[in-house]
Amino acid sequence: MPADPSRPFIFVMKDLRKVVPPKREILKGIWLSFYYGAKIGVIGANGAGKSSLLRIMAGLDQDYLGEAFLGKGYTVGFLSQEPQLDPAKTVLGNVQDGVAGKMKIVNRWNEIAAKFAEEMSRNLVARFLSGEIDEVDLVNTHFKSALHRTIIVEPYLPLGRVSAGGGTQRDYLYEPSPEGILERIVPYFLAMRLYMALAESSASEHGARMVAMGSATKNANEMIQTLTLHMNRTRQATITRELVEIVAGAEALK
């Protein structure tokens with residue numbers, strides 16, 4: 001939008017003052033006039049009133065004394081340094097609002113993984129009971145930390161089969177009956193084991209990606225520093241050589 005010839009300034013403040021409780025004047029006698037197209041920076045110590053000044057310019061704070069007006073047809077955007085918190089919500093609620101986009105992705109992954117685990121475990125149990133398969137082993141990445149993860153192999157079907165690492169078997173008393181309890185628990189148990197394997201494998205993948213990207217960033221920064229140093233040395237050597245040639249040529253002309 002072209003500048004208004006009748007108004008050479010896009011934003012003007014005249015004797016602007018801002019008072020906050022208890023009668024503390026954070027802005028006093030501010031006179032500002034910004035030209036069209038000017039790039040302005042506001043510098044000051046903490047608590048000097050920079051945020052208040054910017055909020056007044058953006059029209060978000062009308063509680064001030066003096067004048068502040070913007071050129072006709074223009075608006076001022078304001079990007080807050082800190083997020084706006086909802087006072088009606090708890091800290092956890094505000095944090096959840098702040099990461100709502102990421103939580104939506106995580107929840108969607110959980111839904112897909114849970115559905116896949118349930119259907120896959122049901123299919124494996126059906127094939128095992130029909131005699132199509134005799135044993136099922138679960139191979140997945142066990143997540144310990146972002147830097148440490150291991151590949152593990154665990155028996156999945158039949159239940160109660162001891163892994164190659166050893167272990168002991170125990171007898172339990174069931175009430176009302178083992179059949180009634182296991183008929184309801186086993187499908188959920190198998191689906192949850194598969195879901196946990198998917199979750200740990202996903203966490204391991206993200207940890208490996210994070211470590212790899214961190215190493216790549218570090219190597220790139222070191223390479224930039226090395227090449228910058230080499231460039232500066234080469235440039236300095238070139239300048240020195242040219243100065244020597246100039247001096248030698250001047251001496252030869254004498």
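The values are calculated or read from the model by the stated rules, or taken from the named source; none is laboratory data. These figures come from a predicted structure and were not determined experimentally. With ideal geometry, Cβ positions are generated from the backbone for all residues, glycine too; neighbour counts draw on all protein chains shown. Side chains are part of the model used for accessible areas, which takes the heavy atoms of the whole protein and leaves out ligands, DNA and RNA. Shrake-Rupley method; radii C 1.70, N 1.55, O 1.52, S 1.80 Å.
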Could you tell me which residue of the range 6-28 is least open to solvent (accessible area, probe 1.4 Å), considering only residues that are free of Cβ contacts under 8 Å to residues at least 24 places away in the same chain and within 16 Å of Gly44 (Cα to Cα)? Glu25
Of those in the range 109-156 that are touching a residue at least 12 places away in the same chain (Cβ under 8 Å), of a type in the set (Gly, Ala, Ser) and over 16 Å from Tyr195 (Cβ atoms), the residue surrounded by the fewest Cβ atoms within 10 Å (Cβ to Cβ) is Ser145
Tally the residues that are touching a helix residue (DSSP H, G or I) at 6+ places or on another chain (Cβ under 6 Å) and either in a helix (DSSP H, G or I) or of a type in the set (Gly, Ala, Ser) (or both), restricting the search to the range 121-149. 2
(1) of a type in the set (A, V, I, L, M); (2) touching a residue at least 60 places away in the same chain (Cβ under 8 Å); (3) part of a helix (DSSP H, G or I): which one isn't true of Val76, the others all being true? (3)
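On the basis of being over 29 Å from the mean Cα position of the chain (by Cα), at pLDDT below 95, closer than 23 Å to Thr150 by Cβ and basic (Lys, Arg), does Arg161 make the cut?
Yes; evaluated as a whole, the condition is true for this residue.
Looking at this structure, is Met103 surrounded by 11 or more Cβ atoms within 10 Å (Cβ to Cβ) and closer than 18 Å to His206 by Cα?
When the stated conditions are applied, Met103 passes them.
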Pick from the range 86-115, criterion acidic (Asp, Glu) and part of a helix (DSSP H, G or I), ranking: modelled with the highest pLDDT: Glu111
